[in-house]
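These notes are about the structure you will find just below.
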């Protein structure tokens, strides 16, 4: 339906321009004729001034296409027409027109502001971390829970990764186990998690696409509940929470990992950090042996460690180290 409306609009404007004698002399400039001078200026400003991160914030460009735009711009100079943009490899006419329709009423300053903007709800952790508590935190352990394994990564306040590990807990994640079995397996994992000022989890929401996934999700919830309870074991004495959750949307938005509303892998960010070529520089450091260890894992293991890294970074940058923390 969208493509049909798009074609119909294009044809309408084409015939209208022809009847008014305002047809562009070059047929390749037809895309430019669909927008007013002010709209074209907004579009070109966004494409000529935006960084890769800001282009990805439009939610219509992935990292590969954004990089191609930047490379083309650096090689051939700024875009002088929308038709110039269509010559970038990977930029289809329909996708470009859809993006231009979004950017025509958005100037570059607004795009940059939207790229950097984080709502209070996005960055809020549960329970709330006070400003005084944020100042006192020197280390955290971020945890990723799966029904078959628990992955953790420890990072200090200087964004140095101290260590990470994956602990296998169940070989058959869909099976139902006795509560004592859950407890024993979770305790085995907890005994391998290092001490830290706080522990963090992503506040995951699970969709029940069919009834077959219910046992899987139930196992996840039981493991999560037991893990949180064990790590918060001193709450009765000091009334201090040790486990905090952050919304996945905050992580996706901070690292531009959302395409079409779906979260994509962030392994490229971890590899860039290891190879010391992340843009922008995230300030993360780690020992060489950890860098070598990462590439020895399979894809699933790398993904889980990456999830822990991005989670830890998000909590530090958006909450603990944020100057705007209330």
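Miscellaneous remarks
- Residues satisfying the stated conditions in the range 288-310, i.e. in contact with a strand residue (DSSP E or B) (Cβ under 8 Å, 6 or more places away or on another chain) and over 15 Å from residue 165 (Cβ atoms): none
- Residue check, residue 131 in the same structural domain as residue 307 (by TED's automatic domain parsing), out of contact with any strand residue (DSSP E or B) (no Cβ under 6 Å at 6 or more places or on another chain), buried (at least 16 other Cβ atoms within 10 Å of the Cβ) and within 22 Å of residue 247 (Cβ to Cβ): no
- Only a single item in (1) in contact with a helix residue (DSSP H, G or I) (Cβ under 8 Å, 6 or more places away or on another chain); (2) surrounded by 14 or more Cβ atoms within 10 Å (Cβ to Cβ) is not met by residue 160, and it is number (1).
- Scan of the range 23-37 for residues that are at pLDDT 80 or above and in a loop (DSSP other than H, G, I, E, B), ordered by number: 35, 36
- Screening the range 224-326 for helices (runs of 4 or more DSSP H) wholly inside it with 3 or more residues that are touching a helix residue (DSSP H, G or I) at 6+ places or on another chain (Cβ under 6 Å) and either assigned by TED's automatic domain parsing to the domain that holds residue 143 or over 22 Å from residue 63 (Cβ atoms) (or both) returns the ranges 248-254, 267-274, 299-315.
- Matching option when the condition is buried (at least 17 other Cβ atoms within 10 Å of the Cβ), within 25 Å of the chain's Cα centre (by Cα), under 19 Å from residue 148 (Cα atoms) and in contact (Cβ under 8 Å) with a residue 12 or more places away in the chain, among 228, 243: 228
- Of the strands (runs of 3 or more DSSP E) contained entirely in the range 145-222, not one carries at least 2 residues that are modelled with pLDDT under 90 and out of contact with any strand residue (DSSP E or B) (no Cβ under 8 Å at 6 or more places or on another chain).
The values are calculated or read from the model by the stated rules, or taken from the named source; none is laboratory data. Bear in mind the structure is a predicted one, so any value in this text is a computation, not a measurement. All Cβ positions, even for glycine, are placed from backbone atoms using ideal geometry, and neighbour counts span all protein chains on display.
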